[in-house]
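The values are calculated or read from the model by the stated rules, or taken from the named source; none is laboratory data. Note that this is a predicted model, so its numbers are computed, not measured. When we count neighbours, we look across all protein chains shown, and the Cβ atoms used for this are built from the backbone with ideal geometry, even at glycine. In case anyone asks, the SASA skips ligands and DNA or RNA and just uses the protein heavy atoms, side chains included. Shrake-Rupley method; radii C 1.70, N 1.55, O 1.52, S 1.80 Å.
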Amino acid sequence: MVFFYTDSNRAYRGFLLNWAASNTTVAVNAGTTNYTGSSGTITSPYYPLTYPNNYRHTWQITAPSDTGYILFTFSSFRTEQCEDYIRVYGSHSTSSTNTRKCGTPSVISPITTSGRYAMVYFYTDGNTVDSGFRIQWTAYVGTTSIVTTVPPSSGTTYLSGSSGAITSPNYPSNYINNYRHTWEITAPPNTPNITFAFSYFDTETCGDYVQIFKSHSTPTSAIRQCGSAIPSPITTQGRLATVYFKTDSSKARKGFRLTWTSVPPASTSGSRDVKTTNALLFSLMISFQLIEVYDRSYSF
């Protein structure tokens with residue numbers, strides 16, 4: 001509906017408005033769209049035209065109850081590097097494990113989430129815009145052959161909790177060439193260290209490698225692994241760690257599978273019990289000495 005109003009004073013030339021019907025529905029900014037069923041399509045607003053700045057939107061997916069996993073595939077993806085991005089969550093909660101995607105990657109790998117619930121979140125800032133994205137999602141019965149989410153190239157996956165597993169893309173099949181990905185791990189507060197253990201490792205020597213950093217900052221000291229020998233367990237200090245995987249344009253192999261486990265903070269209850277016991281023994285010793293002195297003073 002278009003409504004035009006004039007008062008009883010001056011009149012001007014007015015306006016000319018052209019309109020045309022369109023099947024494109026633009027999601028409400030800062031809103032939520034709910035999807036149900038076994039498949040669907042999600043696009044950025046105005047796709048394939050440029051999306052707007054300062055935009056936030058969430059798409060929540062609820063697949064059938066017998067769904068084992070949901071597969072997200074990208075037919076197009078172009079956003080401002082780093083600043084405009086999507087996150088794909090494995091549930092309807094933003095605290096769950098998620099994969100972040102931004103920029104204009106040359107390789108658009110699929111993303112897999114476990115279970116019947118998933119969520120896609122789109123964020124843009126106030127600067128550069130681009131044509132956005134088009135995602136097809138499909139729910140499947142059973143379990144996926146992908147151990148963990150296959151992250152997009154040049155993206156970051158955020159992991160939290162006390163333990164987890166990370167694999168190269170397509171593991172145990174060969175990974176892809178020209179691949180870059182980062183996994184940022186945040187363990188529970190007060191965690192003293194995180195231990196990484198490899199159950200499989202096979203990359204092109206020198207050309208393709210894994211780096212493990214002791215924080216979320218890549219300039220920190222790192223341990224680099226490549227080749228076909230399974231590395232010894234690696235331990236980093238603190239609750240933050242980063243795993244980075246890089247491949248070049250030549251040979252591709254099966255890659256790696258690692259598990260990470262955070263050591264729980266040491267309990268202080270034992271030391272408190274020891275201190276309490278020592279204090280009690282000291283008090284009893286003083287009491288017995290006073291009693292002994294009293295008896296000697298009043299003995300005849």
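Students often check this: by mean Cβ neighbours within 10 Å, which of 33-41, 232-240 ranks highest, and how do the rest follow?
232-240, 33-41
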In nm, spacing of pseudo-spin labels at Thr205 and Asn174 (7 Å Cα→C-beta vector): 1.9
How high is the FRET efficiency from Asn29 to Val141, r the C-beta distance, R0 25 Å, rounded to 0.05? 0.10
Between the stretch 165-180 and the stretch 43-83, what's the alpha-carbon centroid distance in Å? 23
Taking the highest mean first, how do the peptides 113-120, 186-193 order by number of other beta carbon atoms within 10 angstrom per residue? 113-120, 186-193
Please compute the modelled spin-label separation between Arg10 and Ser217, points set 7 Å along Cα→Cβ, answer in nm with one decimal. 6.2
In Å², and per residue, what accessible area does the stretch 1-135 have when probed at 1.4 Å with the other protein chains present? 60
Extension gain (nm, one decimal) between Ile230 and Thr73, 0.36 nm per residue minus Cα-Cα: 53.3 nm
